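Following: one structure in structure tokens, then a few remarks.
The values are calculated or read from the model by the stated rules, or taken from the named source; none is laboratory data. Since the model is a prediction, treat every value here as computed from it, not as a measurement. Note that each Cβ is placed from the backbone with ideal geometry, even for glycine, and that neighbours are counted across all protein chains shown. For the accessible areas, the whole protein counts, side chains as well, though only heavy atoms, and no ligand, DNA or RNA atoms are used. Shrake-Rupley method; radii C 1.70, N 1.55, O 1.52, S 1.80 Å.
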Amino acid sequence: QVQLVESGGGSVQPGGSLKLSCAASGSRFSWSKMGWYRQAPGKQRELVAAIYSGGTTNYADSVKGRFTISRDNAKNLVYLQMNSLKPEDTAVYYCRADSSSGIYVYWGQGTQVTVSS
């Protein structure tokens with residue numbers, strides 16, 4: 001059983017920063033891609049940033065230059081550093097992991113990020 005647990009969400013003023021963490025646990029867990037998605041009220045869930053097992057990253061256009069995804073393979077941790085936050089970044093942020101087999105996709109429970117003055 002693989003579990004993803006997010007942490008680091010909260011409330012921040014526009015222009016502020018937050019760092020989200022995603023801890024993956026489970027026996028013999030290996031992944032091809034891990035990513036952060038977000039879902040705002042009334043909107044579809046969207047990709048924010050992803051990191052592949054080889055280290056390649058990609059970002060949504062709306063967060064390029066402001067957000068950075070990184071990982072700690074030894075600890076099975078993935079981070080999302082969010083800078084220069086805007087009110088439109090307000091959403092529930094979810095961590096997702098795609099198994100190396102390509103068969104399984106795992107989701108965390110989500111963490112709320114609110115950007116408001």
Taking the stated definitions as given, is Lys19 exposed (fewer than 15 other Cβ atoms within 10 Å of the Cβ), under 26 Å from Val115 (Cα atoms) and in contact (Cβ under 8 Å) with a residue 40 or more places away in the chain? yes
Which members of the stretch 1-32 meet the condition of being over 15 Å from Leu77 (Cβ atoms) and either polar (S, T, N, Q) or in contact with an Asp or Glu (Cβ under 7 Å, 6 or more places away or on another chain) (or both)? Gln1, Ser11, Gln13, Ser17, Ser27, Ser32
Filter the stretch 97-113 for residues that are of a type in the set (Val, Ile, Thr) and modelled with pLDDT of 95 or more; the one that is farthest from the chain's Cα centre (by Cα) is Val113
Members of the stretch 35-83 that are β-branched (Val, Ile, Thr) and open to solvent by less than 40 Å² (accessible area, probe 1.4 Å): Val48, Ile51, Val63, Ile69, Val78
Is it true that Tyr52 is under 24 Å from Ser11 (Cα atoms) and aromatic (Phe, Trp, Tyr)? no
Leu47: passes all of (1) touching a residue at least 12 places away in the same chain (Cβ under 8 Å); (2) at positive phi but (2)
Go through the stretch 1-23 and report how many residues are under 11 Å from the mean Cα position of the chain (by Cα) and not in a loop (DSSP other than H, G, I, E, B). 9
Any residue in the stretch 85-104 that's in contact (Cβ under 8 Å) with a residue 60 or more places away in the chain and closer than 16 Å to Arg71 by Cβ: show its pairings with residues that are outside any strand (DSSP E or B) and among the hydroxyl-bearing types (Ser, Thr, Tyr) at Cβ separation under 6 Å, as long as the two are six or more apart or on different chains. Ser100/Ser30
Are any residues in the stretch 97-117 of a type outside the set (A, V, I, L, M) and open to solvent by 50 Å² or more (accessible area, probe 1.4 Å), and if so, which ones? Ser100, Ser101, Gly102, Tyr104, Tyr106, Trp107, Gln109, Gln112, Ser116, Ser117
I need the strands (runs of 3 or more DSSP E) fully contained in the stretch 24-70, keeping only those with at least 3 residues that are of a type outside the set (S, T, N, Q). 31-39, 46-52
Hey, Ser32 among the polar types (S, T, N, Q) and either open to solvent by less than 60 Å² (accessible area, probe 1.4 Å) or closer than 22 Å to Tyr104 by Cβ (or both) or not: yes
